[in-house]
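Below: the structure, in structure tokens.
The values are calculated or read from the model by the stated rules, or taken from the named source; none is laboratory data. All values reported here derive from a predicted model rather than from experimental measurement. Quick reminder, even Gly has a Cβ in these numbers, built from the backbone with ideal geometry, and neighbours come from all protein chains shown. Only protein heavy atoms, including side chains, enter the accessible area calculation; ligands, DNA and RNA are left aside. Shrake-Rupley method; radii C 1.70, N 1.55, O 1.52, S 1.80 Å.
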Amino acid sequence: MEKARLVIGFIRGSHGYSGECKVESTSGEYEHFLKLKEVTLRHGDEQREIKVESVSLGHAIAYVKFEGINSDSEIQKYNRWEILVPRKYCKSLKKDEWYIEDLRDCSLIYEGKDDPATLDAPKEVGKITDVLEGGAGYLLEVSLSESCDRKVLVPFNNEFIGKVDVKNGTVQLMHLWILE
């Protein structure tokens, strides 16, 4: 289930005139950017492998210079592109932490006492297809098992989500009514 490459940031415009860009980290951490030598830039289906020439850190931002991009107009073409790296270059995880990318494709399971169908084993109620940023936090986009074309959004907080087990590809739903 583990993804080989993960998104660690987004290009947020040029910095100066020499092709350097501002990068926003997806984790809020920036120290791991200093180790980067080569990355993949991605926008939709378009990808480009590129070497990192230099990285410097500012306040809640990284300034990155890519090899072969030497002007502000050249880097503007990559504004809002994702920066992907092999997992080993991502921010280190602590206990009970995971990467958002690892939640995608996990099964959303329910094992409630009020549902006789789940007394022996958890029941898969859907698949997590995406993780979106909402005003008050993250939302899990879930494609429901019972309906091929129906998707719902579930707030990703302790009230609605229980145990997250990315190793086994499951995320526990605490209340079925949220899917209605």
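I need a count of the residues in region 30-51 that are closer than 16 Å to R12 by Cβ and open to solvent by 20 Å² or more (accessible area, probe 1.4 Å). Let's see the steps before the verdict.
Kept after step one, since they are closer than 16 Å to R12 by Cβ, are these residues of region 30-51: 30, 33, 39, 41-43.
Cutting the leftovers down to open to solvent by 20 Å² or more (accessible area, probe 1.4 Å) gives us 30, 42-43.
Qualifying residue count, region 30-51: 3.
Listed by first and then second residue, the pairs with beta-carbon distance under 8 Å, at least 6 apart or on different chains, first residue in region 22-44 and farther than 12 Å from V7 by Cα and free of Cβ contacts under 8 Å to residues at least 24 places away in the same chain, second open to solvent by 60 Å² or more (accessible area, probe 1.4 Å) and part of a strand (DSSP E or B), are L34/L57; K37/K51; E38/E49; E38/K51.
For region 1-90, the strands (runs of 3 or more DSSP E) that sit wholly inside it and include 1 or more residues that are at negative phi and touching a helix residue (DSSP H, G or I) at 6+ places or on another chain (Cβ under 7 Å) are 5-14, 20-25, 46-58, 61-66. Among the residues making up region 151-169, those that are within 19 Å of D102 (Cβ to Cβ), open to solvent by less than 60 Å² (accessible area, probe 1.4 Å) and not in a loop (DSSP other than H, G, I, E, B) are V154, P155, I161, G162, V164, D165. Filtering region 135-147 to residues that are touching a strand residue (DSSP E or B) at 6+ places or on another chain (Cβ under 7 Å) and either open to solvent by 70 Å² or more (accessible area, probe 1.4 Å) or more than 15 Å from I178 (Cα to Cα) (or both) leaves G137, Y138.
The test for being touching a residue at least 24 places away in the same chain (Cβ under 8 Å), under 30 Å from Q172 (Cβ atoms) and surrounded by fewer than 17 Cβ atoms within 10 Å (Cβ to Cβ) does not hold for D72.
When region 54-69 is filtered for residues that are in contact with a Phe, Trp or Tyr (Cβ under 6 Å, 6 or more places away or on another chain) and surrounded by fewer than 16 Cβ atoms within 10 Å (Cβ to Cβ), the ones remaining, listed by number, are S56, L57.
For every residue, the table says whether it meets (1) open to solvent by less than 20 Å² (accessible area, probe 1.4 Å); (2) among the aliphatic types (A, V, I, L, M); (3) within 16 Å of the chain's Cα centre (by Cα).
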{"residue": "N79", "(1), (2), (3)": "no, no, no"}
{"residue": "I83", "(1), (2), (3)": "yes, yes, yes"}
{"residue": "L103", "(1), (2), (3)": "yes, yes, yes"}
{"residue": "I109", "(1), (2), (3)": "no, yes, no"}
{"residue": "G126", "(1), (2), (3)": "yes, no, no"}
{"residue": "D149", "(1), (2), (3)": "no, no, no"}
{"residue": "V171", "(1), (2), (3)": "yes, yes, yes"}
{"residue": "E180", "(1), (2), (3)": "no, no, no"}
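For (1) modelled with pLDDT of 90 or more; (2) out of contact with any Leu (no Cβ under 7 Å at 6 or more places or on another chain); (3) closer than 15 Å to F10 by Cβ, each residue gets a yes or a no:
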| residue | (1), (2), (3) |
| --- | --- |
| I61 | yes, yes, yes |
| V64 | yes, yes, yes |
| E67 | yes, yes, no |
| K77 | yes, yes, yes |
| K88 | no, yes, no |
| L93 | no, yes, no |
| W98 | no, yes, no |
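Within region 91-101, can you find the residues that are in a helix (DSSP H, G or I) and either exposed (fewer than 12 other Cβ atoms within 10 Å of the Cβ) or charged (D, E, K, R) (or both)? Answer for region 91-101, where residues must be in a helix (DSSP H, G or I) and either exposed (fewer than 12 other Cβ atoms within 10 Å of the Cβ) or charged (D, E, K, R) (or both): just E101.
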